[in-house]
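One structure is given below, encoded as structure tokens.
The values are calculated or read from the model by the stated rules, or taken from the named source; none is laboratory data. On a predicted model such as this, the values are computed, not experimentally measured, just so you know. Cβ: placed from backbone, ideal geometry, glycine included. Neighbour counts: every protein chain shown. Please note that ligands, DNA and RNA were not included when accessible areas were found on the heavy atoms of the full protein model with its side chains. Shrake-Rupley method; radii C 1.70, N 1.55, O 1.52, S 1.80 Å.
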Amino acid sequence: MAPTSTRWDLVVVGAGPAGAAAALGALHADASLRVALLDRADFPRDKVCGDGVAPHILDLLAEVRVTGLVDDRVPVGRLRLGRGGLVVERRTARPAWVVPRRVFDARLVDAAVAAGARLLRHRVRDLRQDTDAVVLDGKVCAAVVVGADGDHSVVRRALGRSRGPVALALRGYAPVASGRRGVQVIEFGTRHQPSYAWSFDRGDGHANVGYGEVLHAGRPAPARAQLFERLEALLPGATEGGRDWAGHLLPLSTARWRPPAGRVLLAGDAACLVNPLTGEGIHYAVATGIAAGRAAAAALRDGRPERAGERYARVTRRILLPHLRHTALAARLARTAGVLEAGLRASAADQRVFDDFVELGLARGRLTPAVAFGLGRALLTPVRPTGRPQEPA
Ligand SMILES: Cc1cc2nc3c(=O)[nH]c(=O)nc-3n(C[C@H](O)[C@H](O)[C@H](O)COP(=O)(O)OP(=O)(O)OC[C@H]3O[C@@H](n4cnc5c(N)ncnc54)[C@H](O)[C@@H]3O)c2cc1C
């Protein structure tokens, strides 16, 4: 359906997790708002992802009365982390889910529509800010706009903002290899730092498998064939029988995250919020989406839509900045030879350290005293060298 000439209270560009959550956040705060959710794609649509859904995401969605999204899926309660022959596998504090984004995102969009959002098929190409409104493509007019249009965000570029560091990842779906059932497997690379391969059991006989690495300025990005080769080297057999292979960039968060002020807000990948340690981004997308929707609703209620960005920045900087600083530091440390392995050894020795690492990589965690102590102890403990297999160059 083409967008109408209605003047909307809130227009959300992009109906992924960040966009659907923004609509839900606004409508939960004020069900009378006129909210349009624009997406260039028809739903259900695929999104290249590892499909890992952390339990924290469901906590956030419950706050805006969205429940039952994964009730028909099989929870995964174990996580295996490995690097160069060193392996730690433990039960996680809470189970996660592996839900193809074709399913998960469509359910979220349905929830946003049920809450009162109007879903419209529209690819946004241009954004102009007037004194009392934001105009998209010369015809869609809104008091507040949330840019939730993903990694290549048109809205972010219209604000004159660029991306920071990025990672490149390839994913596919393959029959779960024996020995990887009922577990989320992450195998860190030893040659292309930082990098890892994954196999996330969906619980239906198939796993989401993939490989990703951080790109470095001045060095060519790996070709598709190299991504396959590195995945297979780290997780032998993972690509067998695989299909639906596709690659995508991940805009990584940094310690200097700074949301814009004004009527145009950014959420999720559009705001460059992907965990630099793990590539997780759905939690940030939902958290910032809900916060953006709420900030828009509060600013509209006060008759000050031009202050929506300030409100949003206040809230998100408080809930996110300490975590982003800690993950940025942890990601830097993990590049140093030995630190990542010390982290794995510390996680093998102590469930608390393992749990804290998982939090740091997923959602809100920090470098806790338990992690610092465990890391320090592991770094000071001498390790005998192993005859480890080498990845291809
Ligand atoms: C290979 C890979 C594996 C990953 N694995 C995980 C994982 O296991 N767990 C996890 O939490 N995160 C993972 N991530 C990160 C996660 O996919 C993203 O962080 C998440 O999708 C961000 O949600 P979003 O709503 O911000 O953006 P998106 O999900 O990208 O949604 C953006 C939406 O905007 C629409 N859009 C784009 N441009 C326009 C336009 N101009 N006009 C209108 N609509 C537009 C798109 O069609 C899309 O629907 C992974 C990422 C990759 C690439």
message: Cut-off 20 Å, label point 7 angstrom out along Cα-to-Cβ of Ala221: give me the residues of the range 143-172 whose amide nitrogen falls inside.
response: 149-158, 161-172
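Could you work out how much longer the chain between Glu63 and Val103 gets when fully extended? Use 0.36 nm per residue separation minus the Cα distance between them, nm to one decimal. Walk me through the numbers before you get to the answer.
Details: separation 40, 0.36 × 40 = 14.40 nm, distance 2.10 nm.
So the chain would gain 12.3 nm between Glu63 and Val103.
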message: Could you identify which residue out of Gly82, Gly160, Gly212 has the top mean-square fluctuation in a GNM of the chain using Cα springs shorter than 10 Å?
response: Gly160
query: With axes computed from alpha carbons, what is the tilt in degrees of helix 282-301 against the longest principal axis of the chain, rounded to the nearest 10 within 0 to 90?
result: 20
query: So, counting K/R as plus one and D/E as minus one, what does the shell of residues with Cβ under 12 Å around Phe373 add up to?
result: 0
- line: With all protein chains in place and a 1.4 Å probe, Thr190 shows an accessible area in Å² (nearest 10) of 50
- line: Out of Gly19, Gly82, Phe357 - ranked by how far each Cα lies towards the positive end of the dipole of the chain, with unit charges on the beta-carbon of charged residues - the top one is Phe357
task: Compute the relative contact order of the range 140-251 as a whole-number percentage, counting only Cα pairs closer than 8 Å that sit 6 or more residues apart in sequence.
output: 34
message: With +1 on the Cβ of every Lys and Arg and -1 on the Cβ of every Asp and Glu, and nothing else charged, how large is the dipole of the range 1-112 about its Cα centre, in debye rounded to the nearest 20?
response: 480
statement: Quick calc, the chain, dipole around Cα centre from Cβ unit charges on Lys, Arg (+) and Asp, Glu (-), nearest 20 debye, gives 820
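With a 1.4 Å probe and all protein chains left in place, how much accessible area per residue does the chain have, in Å²?
Result: 43 Å² per residue.
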message: Restricting to DSSP loop positions (anything but H, G, I, E, B) with no more than 12 other Cβ atoms inside 10 Å of their own Cβ, which trypsin sites (Lys or Arg not before Pro) remain in the range 94-160?
response: Arg123, Arg125, Lys139
field: the chain: relative contact order in percent, alpha carbon pairs under 8 Å with at least 6 residues between
entry: 21
message: Along the Cα→Cβ direction, 7 angstrom out, place labels at Thr381 and Asp132. What is the inter-label distance in nm?
response: 6.8
query: Of the residues Gly116, Gly164, Gly279, which exhibits the maximal mean-square fluctuation in a Gaussian network model of the chain defined by a 10 Å Cα contact cut-off?
result: Gly164
task: Note the angle between two axes, namely the Cα long axis of helix 224-234 and the longest principal axis of the Cα atoms of the chain, as a number of degrees from 0 to 90, rounded to the nearest 10.
output: 50
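Work out, step by step, the length gained on full extension between Thr6 and Glu306: first 0.36 nm times the residue separation, then minus their alpha carbon distance; give nm to one decimal.
106.1 nm
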message: Output the 0 to 90 degree angle, nearest 10, between the alpha-carbon long axis of helix 101-114 and the longest principal axis computed from the alpha carbons of the chain.
response: 30
message: Can you compute the helix-only [θ] at 222 nm over the chain? Use -39500 (n - 2.57) per DSSP H run of at least 4 residues, normalise by all residues, nearest 500 deg cm²/dmol.
response: -11000 deg cm²/dmol
statement: GNM of the chain, Cα pairs under 10 angstrom: of Val264, Val183, Val88, the biggest fluctuation goes to Val88
query: If you roll a 1.4 Å probe over the chain with all protein chains in place, what percent of the accessible area is carbon or sulfur?
result: 52
field: Dipole magnitude of the range 229-369 about its Cα centre (Cβ charges: Lys, Arg +1; Asp, Glu -1), debye to nearest 20
entry: 1000
field: Potential extension, Arg125-Gln193 segment - 0.36 nm per residue separation minus Cα distance
entry: 20.9 nm
Estimated inter-spin distance, Glu240 and Leu86, nm [label 7 Å along Cα→Cβ]: 2.9
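Relative contact order for the range 325-380: what percent, with Cα pairs under 8 Å and sequence separation of 6 or more?
Dividing the mean separation by the residue count of the range 325-380 yields 39 percent.
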